[in-house]
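Quick notes on the structure that follows.
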Amino acid sequence: MSRLIVVSNRVSVPGPRDKATAGGLAVALYSALRKYNGVWFGWSGEIVDSASSQVELQYSDSVTIATTDLSHEDYEEYYNGFANSALWPLFHYRIDLTAYDRRFDKGYFRVNARFAHALAPLLQPEDLVWVHDYHLIACGEELRRMGCEQRMGFFLHIPFPSSQVLMTLPNHRALARALFAYDLIGFQTLPDLRAFQEYVVHEADGELSDDGRLTAFGRTIRASFFPIGIDAEEMAEMATSPEAMRHFSRMQRSMQGRKLVIGVDRLDYTKGLPARLAAFDRLLESYPDNRGNVTLLQIAPSSRPDVRDYVDIREELEAASGKINGHFADFDWVPVRYVNRSYARRSLAGLYRASQAALVTPLRDGMNLVAKEYVAAQDPDDPGVLILSRFAGAARQLEAAILVNPHDMDDVVEGLQRALHLALPERQERWRSLMDNVTSQDVSAWRDSFVETLRSVPAGKKLA
Ligand code: ADQ
């Protein structure tokens, strides 16, 4: 059996209490690595004065953990720069926030090439190489230049934008060419796949064959969609763990019979947080019966604090929640509880279960795992209601949620008002349908279907 090599910007090895701390994705990848005696390669998280292709190796179970450092310059240009100030906003359709800089561009390709040079000596001829996400699009191309002929796959966790949006990036062609170094490209949803195919056919003089193969830049590759899932069984178990139940009871006591609506997101402008707070404000304005009776708990830990737009959004949210509370709060009720920190997964599971509704309203999202976690954590006898943005990849699967357009505030307000008044039989019916999907298309199914497809594609070829 060929080994599996996972390449991602960050390597997150589940610790001894693995499931409590690591996310489902880390656990699922790690268990595949254990099965196939694999290697997990990525950035160590360390920023040093001058970086090299030197790799630190650690061995855990039968898995090799291989990490390399970034220099300050790499971190600025590759990570904060091209990946998070250009690709992230652009791929989420935020051309207005996309900061393109040729220096970032060079840094991105330099770090991708260095990762490839550091990884290549660890590879064996039969290995399957699986590269993850927008940070490392160009890694496969450099491996091919070095003569690597292994099967290589790439999975994009974020949306793939339409051609017109992608083409605002000055070096879009170099990125597309880099993608063609892989043998298989995986997207989250059919619309992402279609957007890529359209770009290839119309902007890269490529061809799409009837069986789905794509030819361009002198290579023929496969591209498909593989919606990522969660470990649903584990989340359901965690939701009734003692730690979850402690959080559940504490929350219930503090709510004193009022309804709780939950939002859990990394603090990111793609998650639609200011619009969500504005919708909650309008709910209280338009439907006064909710005053004193409903609270929004928004959990949003800071992420990417070195990027200016992330500092701005934090300030915006603090101001917005303060304004709503100033306007509506009473001596014994606060409408918005805004918490800028993260929680252990078991605690989060208890809070999901204590909430009568979840507002998952990103403006764009590759998939959105919070929506699936919320579903899996519910009490089957008395489930809460999921209100989900149509622009999250998850909306393609979770059709039994109340689907809303986050750009249309009244749609969100009405969706939320409806969710808060849904009768038990309808809540149960919707939840069963959602849970069927979350369980059958879980993270192991996602992982296995990508790896099996990669195993079945023709072996990789050097670049022409
Ligand atoms: P993210 O943008 O990070 O992921 P998401 O899919 O929602 O978005 O995953 C976030 C994860 O972080 C969830 O597992 C959630 O439980 C956890 N989390 C968030 N806030 C937390 C908190 N306060 N405390 C503890 N945990 C918290 C990217 C893409 C998504 C895609 C995933 C996976 O942007 O669209 O679904 O990758 O492919």
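Among (1) within 18 Å of L136 (Cβ to Cβ); (2) assigned to a strand (DSSP E or B); (3) not small (G, A, S), which single condition is R222 missing?
For R222, the failing item is (1).
Pull up region 86-117, narrow it to residues that are within 19 Å of A178 (Cβ to Cβ) and among the β-branched types (V, I, T), then point me to the one that is surrounded by the most Cβ atoms within 10 Å (Cβ to Cβ).
In this case the residue turns out to be V111.
Hey, could you check region 355-368 for residues that are among the polar types (S, T, N, Q) and open to solvent by less than 40 Å² (accessible area, probe 1.4 Å) and say which is nearest to the ligand (Cβ to nearest atom)?
Looking at the filtered set, the residue picked out is N368.
Would you point out which residue out of E76, E46 is touching a Gly at 6+ places or on another chain (Cβ under 9 Å) and open to solvent by 20 Å² or more (accessible area, probe 1.4 Å)?
E76
Wholly within region 154-214, which helices (runs of 4 or more DSSP H) include no fewer than the required count, namely at least 1 residues that are assigned by TED's automatic domain parsing to the domain that holds A83, touching a Gly at 6+ places or on another chain (Cβ under 8 Å) and buried (at least 18 other Cβ atoms within 10 Å of the Cβ)?
Qualifying helices (runs of 4 or more DSSP H): 172-179, 190-203.
Looking at region 66-92, I want the residues that are assigned to a loop (DSSP other than H, G, I, E, B) and have a partner that is charged (D, E, K, R) with Cβ atoms under 7 Å, at least 6 apart or on another chain. Which pairs are those?
Correct list of pairs: H92/R364.
Quick one: would you say S12 is closer than 30 Å to E234 by Cα and outside any helix (DSSP H, G or I)?
Yes, satisfied.
The values are calculated or read from the model by the stated rules, or taken from the named source; none is laboratory data. Just so we're clear, the structure is a prediction, and the values are computed from it rather than from any experiment. Reconstructed Cβ throughout: ideal geometry from the backbone, glycine too, with neighbour counts over all protein chains shown. Surface accessibility is based on the protein's heavy atoms, side chains included, excluding ligands, DNA and RNA. Shrake-Rupley method; radii C 1.70, N 1.55, O 1.52, S 1.80 Å.
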